[in-house]
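The structure under discussion appears below in the form of structure tokens.
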Amino acid sequence: MSCSSLDLAPLLGGGMNGSAAADYICNQLSDAGHAIDTTYLLFSTYLVFAMQLGFAMLCAGSVRAKNTMNIMLTNVLDAAAGGLFYYLFGFAFAFGKPSNGFIGTRFFALKGVPDPSFDYSNFLFQWSFAIAVAGITSGSIAERTQFAAYLIYSSFLTGFVYPIVSHWFWSADGWAAAGRNAGESLLFDSGVIDFAGSGVVHLVGGVGGLWGALIEGPRIGRFDHAGRSVALRGHSATLVVLGTFLLWFGWYGFNPGSFAVIFKTYGPSGSSHGQWSAVGRTAVTTTLAGCTAALTTLFGKRLQTGHWKVADVCNGLLGGFAAITAGCSVVEPWAAIICGFVSAWVLIGLNHLAAALQFDDPLEAAQLHGGCGAWGIIFTALFATERYVNEVYPGRAVRPYGLLMGGGGRLLAANLVEILVIAGWVSATMGPLFYAMHKLGLLRISADEEMAGMDLTRHGGFAYVYHDEEPKPATALALNGRRILLTKSNRTSPNPNAEPSSRLFIFLSSYGACSTAYTQVSLTHAPLA
């Protein structure tokens, strides 16, 4: 919103006093506008950061209990390592200006911030997006990856790979950005419309996870000797649902928060139509896409399996959110329903393809974020409306919009380029990184450790404690060169003969029949020799 002291001064009586009063009022209004926008951006940042807790809960519930501490710790380190590397390099590569179309060249370690274009709140908001990318990739390689590999890839992804992509499509200097500086040409006279990151965030994380999972290979026991899929179910549907709702809540900062400012009008002063209305519409389209995807997945999987499967519904819901993220601000609410419906079938179809190709992604991250993210980019180019495109991306006399809305095919061409460029860039950077770690023996844990579970072999014990007293040492088991302590507890096994065949329980009878001491060691399909 603008305030003109020249227009306001006559209303205040004119003269020097009127001009001084007008200047004061306009300055105060400008300061208030900056404060409102900064508060809005910071609040959105806190919502997006809360998604890290959602990722952690979703990941924990989707893996087996023996790997819970490991996956939780990787989520913490995604945020911590990502914070340092994005501060040192990532923000500069993404938004440092002035710069060229490929990479930013200023703001390393936030030197020069704040400036007229960026404040500290902008850095924090963009950091919360960067660590979300790392969280997506970590899900694809869960339950079998060395801890050092997480640190290496997470730092590289948040400090270099992702920032370059965000510079291309979100920076005013980026070669493919729809909001490029005035006077500079746009890709196909349109630029890429990827408002909150179906491509920049989700496709980047999905392709990174795809290469990690491909190079590592599937988890032991995920496919049988005949190549048939064997379900390795997560241990807690409760955590999956909790994580899903936390991610849903955070998405209201992810998508509407990407406007960055809210104190802006689209019409003459005093108009009720402004950016605040676009923020509300964006929240509505986000909601409708997710809800539609969840219901479509619910009934689609029911027809396929005969069951109402909560984990599949949660993933379907998140797939709808990932898809609508690109076009949430420029499509009508009814179009968001189409987006969510198609995204559910994209996810179901890619999961079937993954099983057929013996591709193992414990959280379906590559299929969900990569596949649904790519669909969301295409969807935006089909359904973006002329009015909303010009409101959200002003400053151009004529701007292409959705193909099916009568806007021609230029936006579609630009958005298809985005998909190809992101897939190529992430493949060319993350693929060699994962392969190099694989060759150096830094990527995958040993088979023995994978069978026992990383909580026990790498983190000193299981995530869940089933006894109240301090454990008493009984004996030790040598596993892959590591001493694993077997402990005594005063808990009686309910039925030793009814334990699942996929686990071996070692019973150390020391206190009699009513006080059997035992420790669980997970050895999938291990013979009781």
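Structure above, values below:
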{"item": "Total formal charge among the other residues, if their Cβ is under 9 angstrom from that of Ile220, Lys/Arg +1 and Asp/Glu -1", "result": "+2"}
{"item": "Summed residue charge, Cβ within 11 Å of Val63's Cβ, Lys/Arg positive, Asp/Glu negative", "result": "+3"}
{"item": "Ranking by accessible area, most exposed first, for Lys439, Lys66, Lys97 with a 1.4 Å probe", "result": "Lys439, Lys97, Lys66"}
{"item": "For Phe223, residues with placed amide H under 5 Å, excluding near neighbours", "result": "Val230"}
{"item": "Positive minus negative residues near Arg302 (Lys, Arg vs Asp, Glu; Cβ under 15 Å)", "result": "+1"}
{"item": "Segment Glu386-Gln304, length gained on full extension (0.36 nm per residue, minus Cα span)", "result": "25.6 nm"}
{"item": "Note, ³J(HN,Hα) from phi for segment 56-71, Karplus 6.51, -1.76, 1.60, rounded to Hz, x at Gly and Pro", "result": "4, 5, 4, 5, 4, x, 8, 9, 6, 4, 6, 10, 5, 4, 4, 5"}
{"item": "Unit charges on C-beta of K, R, D, E only; dipole of segment 73-196, Debye", "result": "240 debye"}
{"item": "Packing rank of 100-113, 327-340, where each peptide gets the mean count of other beta carbons within 10 Å, highest leading", "result": "327-340, 100-113"}
{"item": "Placed amide H near Arg144: partners under 5 Å, 5+ positions off or other chain", "result": "none"}
{"item": "Residues Ala397 and Ala148, FRET efficiency given R0 of 41 Å [Cβ-Cβ distance, rounded to 0.05]", "result": "0.15"}
{"item": "Cα gyration tensor shape of segment 286-372, rounded if a/c is under 1.5, else prolate or oblate by comparing a/b with b/c", "result": "oblate"}
{"item": "Solvent-accessible surface ranking, highest first, for His167, His438 at 1.4 angstrom", "result": "His438, His167"}
{"item": "At R0 = 25 Å, FRET efficiency that the Cβ-Cβ distance of Ala283 and Ile25 yields, to 0.05", "result": "0.15"}
{"item": "Thr265 long-range amide H proximity, modeled H, under 5 Å", "result": "Gln275"}
{"item": "Label-point separation in nm, Thr39 to Asp448, each point 7 Å along Cα→Cβ", "result": "6.1 nm"}
{"item": "With all protein chains modelled, accessible area of Leu357 [1.4 Å, Å²]", "result": "120 Å²"}
{"item": "Of Lys66/Lys301; Lys97/Lys439; Lys111/Lys439; Lys97/Lys264, pairs whose Cα-Cα distance is over 31 Å", "result": "Lys97/Lys439; Lys111/Lys439"}
{"item": "Ranking by accessible area, most exposed first, for Arg444, Arg302, Arg399 with a 1.4 Å probe", "result": "Arg302, Arg444, Arg399"}
{"item": "Rel. contact order, % - alpha carbon contacts under 8 angstrom, at least six apart, segment 92-182", "result": "34 percent"}
{"item": "Under Karplus coefficients 6.51, -1.76 and 1.60, residue-wise ³J(HN,Hα) of segment 97-114 in Hz, glycine/proline x", "result": "9, x, 8, 9, x, 9, 8, x, 10, 9, 6, 4, 6, 6, 5, x, 9, x"}
{"item": "Under the Karplus curve 6.51 cos²θ - 1.76 cosθ + 1.60, θ = phi - 60°, whole-Hz ³J(HN,Hα) for segment 337-344, x wherever Gly or Pro sits", "result": "5, 4, 4, x, 4, 5, 4, 4"}
{"item": "Contact order relative to length of segment 357-408, as percent, for alpha carbon pairs under 8 angstrom and 6 or more apart", "result": "31 percent"}
{"item": "Whole-Å distance, taken between Cα centres, linking segment 77-129 and segment 295-314", "result": "41 Å"}
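The values are calculated or read from the model by the stated rules, or taken from the named source; none is laboratory data. Quick caveat: nothing in here was measured; it's all calculated off a predicted structure. Note: ideal-geometry Cβ built from the backbone for every residue, glycine included; neighbour counts use all protein chains shown. Each accessible area value is taken on the protein alone, full model and side chains, heavy atoms only, with ligands, DNA and RNA left out. Shrake-Rupley method; radii C 1.70, N 1.55, O 1.52, S 1.80 Å.
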